[in-house]
Amino acid sequence: VIVAQEREREVIGRELHDNVNQVLTTIKLYLEMAMNNPADREKLIPKSIHHLVESINEIRNLSRDLSAPTLGTRSLIDSLTALLEMVRSSSGLYILFQHQLYYRPTPKDQKLAIYRIVQEQLNNVIKHANATEVLVCIAQTEDNTQVIIKDNGHGFDPSESRTGIGLNNIISRAKVFDGEVKIESGPGKGCSVTIDFPAVLEKEDLS
Ligand SMILES: Nc1ncnc2c1ncn2[C@@H]1O[C@H](COP(=O)(O)OP(=O)(O)OP(=O)(O)O)[C@@H](O)[C@H]1O
Ligand SMILES: [Mg+2]
């Protein structure tokens, strides 16, 4: 859990550094130019405002990712539905959500882990896959809960070493609940991430 938390901090740090910080630096340059060249102000100030709105949105997305606000009182299916709707509207991806075979309540911590795993892999699809469609599936049998995130993008070679945090984060989040992660992909073949969790038997803290 601690490793997962550290990795998450790294992601936030990098997001702030690569996105927000970069946009703010650009704004600073524009404003300095505007100060020195009054003739260019009309062009530079609207540009600066545009970039400010961009960084406001970045921060909003970041804090929304951090707080997963719908998770507290809602079921996992409702939380995922809200997440997928958000991703759908901001990315234009066609997302199919299958959950007919999901009926057992899930412990709160595991619920959050599944939510984060889906969120992380959707980020990967948006960032790397150039996909048009994603299938998110959550299903249960007597002794297992299975989560699948599958896209029709250009895929990658999973055997190649990777420097990213995301997939490793998915694996360590799954491990906390004895979940097993299978990554199936190949150039031109899309990507499918499957996580199998053994069923949780204790009745405590279910929601
Ligand atoms: N759905 C996908 N389609 C194509 N390539 C993918 C997909 N998911 C992951 N990858 C590839 O696997 C690599 C590792 O993913 P991972 O999430 O671990 O790191 P990252 O996305 O590069 O960085 P981070 O998640 O730390 O921001 C990616 O760089 C990308 O090349
Ligand atoms: Mg990633």
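The values are calculated or read from the model by the stated rules, or taken from the named source; none is laboratory data. Given the structure is predicted, the values throughout are model-derived calculations rather than measurements. Here the Cβ positions follow ideal geometry from the backbone for every residue, glycine too, while neighbour counts run over all protein chains shown. Keep in mind that these areas ignore ligands, DNA and RNA; they rest on the heavy atoms of the full protein, side chains included. Shrake-Rupley method; radii C 1.70, N 1.55, O 1.52, S 1.80 Å.
Given the C-alpha centroids of region 1-67 and region 171-200, what is the distance between them in whole angstrom?
Taking the Cα centre of each part, region 1-67 and region 171-200 sit 33 Å apart.
Any idea what angle helix 2-15 forms with the longest principal axis of the chain, computed on alpha-carbon atoms, 0 to 90 degrees, nearest 10?
30
Once you put a point 7 Å from the Cα of Ser89 and another 7 Å from the Cα of Ile77, both along the Cβ direction, what distance in nm separates them?
Placing both labels 7 Å beyond Cα along the Cβ direction yields 2.2 nm.
Could you tell me what fraction of 2.2 N^0.38 Å the Cα radius of gyration of region 1-142 comes to, as a two-decimal ratio?
Computed over Cα atoms of region 1-142, the ratio equals 1.36.
Sort His51, His99, His17 by accessible area with a 1.4 Å probe, largest first.
Descending order: His17, His99, His51.
Enter the angle in degrees (range 0 to 90, nearest 10) between the Cα long axis of helix 41-67 and the first principal axis of the Cα atoms of the chain, meaning the one along which they spread out most.
20
Mind checking the angle between helix 76-91 and the chain's longest principal axis? C-alpha axes, 0 to 90 degrees, to the nearest 10.
Around 30 degrees separate the two axes.
Along the positive direction of the dipole of region 17-116 (beta-carbon charges: Lys, Arg +1; Asp, Glu -1; about the Cα centre), which of Leu29, His17, Tyr103 reaches farthest?
Farthest along the dipole direction, towards plus: Tyr103.
If each residue of separation counts as 0.36 nm, what is the full-extension length gain between Gln100 and His50 once their alpha-carbon separation is subtracted?
Answer, rounded to one decimal: 13.7 nm.
Ignoring GluC sites (Glu not before Pro) that are buried or in helix or strand per DSSP, and keeping those with at most 12 other beta carbon atoms within 10 Å, what is the longest stretch of the chain between them?
1-141
Number of Lys-Lys pairs in the chain under 26 Å by Cα, sequence gap 8 or more or different chains?
The number of close lysine pairs in the chain is 20.
With both bridge residues required to lie in region 1-159, what share of the DSSP beta bridges run antiparallel, to the nearest 5%?
Just about 60 percent of them are antiparallel.
Under a plain spin-label model, where a point goes 7 Å from the Cα along Cα-to-Cβ, how far apart in nm are Thr141 and His17?
4.4
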